[in-house]
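Reviewing the structure listed below.
The values are calculated or read from the model by the stated rules, or taken from the named source; none is laboratory data. In this text the structure is predicted, and so the values were computed from the model without any measurement. With ideal geometry, Cβ positions are generated from the backbone for all residues, glycine too; neighbour counts draw on all protein chains shown. With ligands, DNA and RNA removed, areas are computed over all heavy atoms of the protein, side chains included. Shrake-Rupley method; radii C 1.70, N 1.55, O 1.52, S 1.80 Å.
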Amino acid sequence: MSTTRTTTATGTSERIRDADEVKALAEVLVTAATRAPSPHNTQPWRFEARGDGIALHLDRTRLLGVADPDGREARLACGAALFNLRLEARARGIAAATELLPDRNVPDLLGVVRLAGTHRPTGEERTLASAIPRRHTNRRPFAEEQPPEPLRHGLRRAAQLESGLLDFLDEPTRFADLARLIRSAEAAQRDDDAFMAELRCWTTGVASVRDGVPARSSGPPPLEEGLVTLRRYGRGRRPPRPYEQVPLLGVVLTNEDDQHAQLVGGHVMQRVLLAATAAGLSTSFVSQPMEVPSVKRELDRLVGSQGHPQTVLRIGYGYPALPTPRRPAREVTTGLPPVAEPG
Ligand SMILES: Cc1cc2nc3c(=O)[nH]c(=O)nc-3n(C[C@H](O)[C@H](O)[C@H](O)COP(=O)(O)O)c2cc1C
C-alpha cells in the first residue's frame, strides 16, 4: 500500500493512516536517523519498523570496549538518531512523538518514535531537517575568528529546547583548564595500546567499507601542537597546516547522568549540531576528556553544579568536510516491506 501525499499550506506532507503506511515510510526515516554521528562511526543501532512507529535498539556488538565501556557515547549517538528520526517525520508533515526506554524489561530498547496523523511542520523543523544530510564532523582547521554572540545564543537555545545546556568555556581561565584536560586525556590515550588498537580497528582506508572513520576524514597534521589536540584517524602524508589557536569549545550538559539522561544528551547534542550546521558553522568533537575516567572527574569539577557533561564540541568556521559512509537503512532495519519488483 502506498502512502497518500497531500499538499498543505506548508508544503507536501505524508498522511499516515495505517500500519502499512508507517512501514512504507520507515526506510526514508531510518536513513535520516542513521546520518547521526556516532563514536568512531560505529553506528551502534538496530531499527525495527512496527505498526505504530519505529523502534531503536542498542547494538551491543558495536560498543567500543575501551573508549566507551559504559556505552555512554553509544547512547548519545542513539539519542541523536532518534532525534533525527522524529525531526524528519515532522518535517514531512507526520505527527511523531518519542518515548525513551519504553520497556524496563528490554533495556536495550532505547526508544520508540510513534507515528500517527499529520503535523504542520514549523519553519525551524524544516530548516533543521534540511541540515541532517549536510552535517559532518569537520576535523580540519577552522578560522581564528569565533562565532559571534548571536550565533552562540542560538546554539544555547537549541540545547535548552531539548532540556539540556551548552556551556561555552570561553572565559580564558576555564578555556585553559579545558584545553589542559584535553591534552592530558589525548596523551593518555596515545599511550594506551588497547585504545590505539581499537582506534585503528575503526579507521578505514577503503571506500567500500560502510562504517568506521575513513582516514581521509582526519584533518591534516597541525603545523605546531596547539592548545587543543584533535584526535587523528590514520597518518596520511598530507602537509601540516595551522589550526585555530583558540577554538570555541562547548560542553553539552544534562540534568542527570543515567541512561535516560544520556539519550536526552543525544537529543541536545544533535539539535546543537544541526542548528550550527544550519547557521553555516562547522563542528567536531573533542571527547578525549570524557573517555579517560580520571580526566572526566576533573571535567565534572570544571563545569561545576550546572549539570553533567555528556560531550565536548568544537564549533567554528571551516571549509566543508566530507561525508562519512553509513550502512543502508535496509541493512539495519527489520520489518520493512519487501522492495517492489520493477515494472
Ligand atoms: C559521542 C561522540 C563522540 C565523538 N568523539 C569524537 C572525537 O573525540 N574525535 C573525533 O574526531 N570525532 C568524534 N566523534 C565523531 C565521529 O567520529 C563521527 O560522528 C563519525 O565518524 C561519523 O561521521 P560524521 O559525524 O561526519 O557523520 C564523536 C561522535 C560522537 C557521537
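Note on the stretch 17-37: among residues that are touching a strand residue (DSSP E or B) at 6+ places or on another chain (Cβ under 8 Å) and open to solvent by 20 Å² or more (accessible area, probe 1.4 Å), the one that is nearest to Thr311 (Cα to Cα) is Glu27. Confirm whether Arg190 is in the same structural domain as Pro289 (by TED's automatic domain parsing) and without any contact (Cβ under 8 Å) to a residue 24 or more places away in the chain. When the stated conditions are applied, Arg190 passes them.
For first residues located in the stretch 168-185 and more than 20 Å from Glu149 (Cβ to Cβ), partners that are in a helix (DSSP H, G or I) and open to solvent by 50 Å² or more (accessible area, probe 1.4 Å) and lie 6+ apart or on another chain with Cβ distances below 9 Å form the pairs Asp177/Glu298; Arg180/Glu298; Leu181/Glu298; Ser184/Ser294; Ser184/Glu298; Ala185/Ser294.
Pairing each residue of the stretch 312-325 that is among the charged types (D, E, K, R) with any residue that is in a loop (DSSP other than H, G, I, E, B) and within 12 Å of the ligand (Cβ to nearest atom), provided the two are 6+ apart or on different chains, yields C-beta distances under 8 Å for Arg314/Val228; Arg314/Leu230; Arg314/Val286. Whenever a residue of the stretch 295-310 is over 15 Å from Phe168 (Cα atoms), its partners that are within 16 Å of the ligand (Cβ to nearest atom) and open to solvent by 10 Å² or more (accessible area, probe 1.4 Å), lying with C-beta atoms within less than 9 angstrom and at least six residues away or across chains, give the pairs Val295/Ser184; Val295/Ala188; Lys296/Met290; Glu298/Ser184. Among the residues making up the stretch 193-208, those that are closer than 13 Å to Gly234 by Cβ and in contact (Cβ under 8 Å) with a residue 12 or more places away in the chain are Leu199, Trp202, Thr203, Gly205. In a residue-by-residue description of the stretch 266-273, the property of being of a type in the set (Gly, Ala, Ser) and open to solvent by 40 Å² or more (accessible area, probe 1.4 Å) applies to no position. Once the stretch 307-343 is narrowed to residues that are hydrophobic (A, V, I, L, M, F, W, C), in contact with a helix residue (DSSP H, G or I) (Cβ under 9 Å, 6 or more places away or on another chain) and modelled with pLDDT under 95, the residue that is surrounded by the most Cβ atoms within 10 Å (Cβ to Cβ) is Ala321. Touching a residue at least 12 places away in the same chain (Cβ under 8 Å), on the phi > 0 side of the Ramachandran plot and polar (S, T, N, Q) - does that describe any residue in the stretch 42-65? Yes, there is a match, as at least one residue in the stretch 42-65 is touching a residue at least 12 places away in the same chain (Cβ under 8 Å), on the phi > 0 side of the Ramachandran plot and polar (S, T, N, Q).
Condition check ((1) surrounded by 16 or more Cβ atoms within 10 Å (Cβ to Cβ); (2) assigned by TED's automatic domain parsing to the domain that holds Pro289) across all residues:
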position	(1), (2)
Ala143	no, no
Gln160	no, yes
Phe195	yes, yes
Glu198	yes, yes
Gly205	no, yes
Gly219	yes, yes
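When Ala67, Ala77, Ala81, Ala129 are screened for being assigned to a helix (DSSP H, G or I), under 30 Å from Pro222 (Cα atoms) and not assigned by TED's automatic domain parsing to the domain that holds Ala278, only Ala77 passes.
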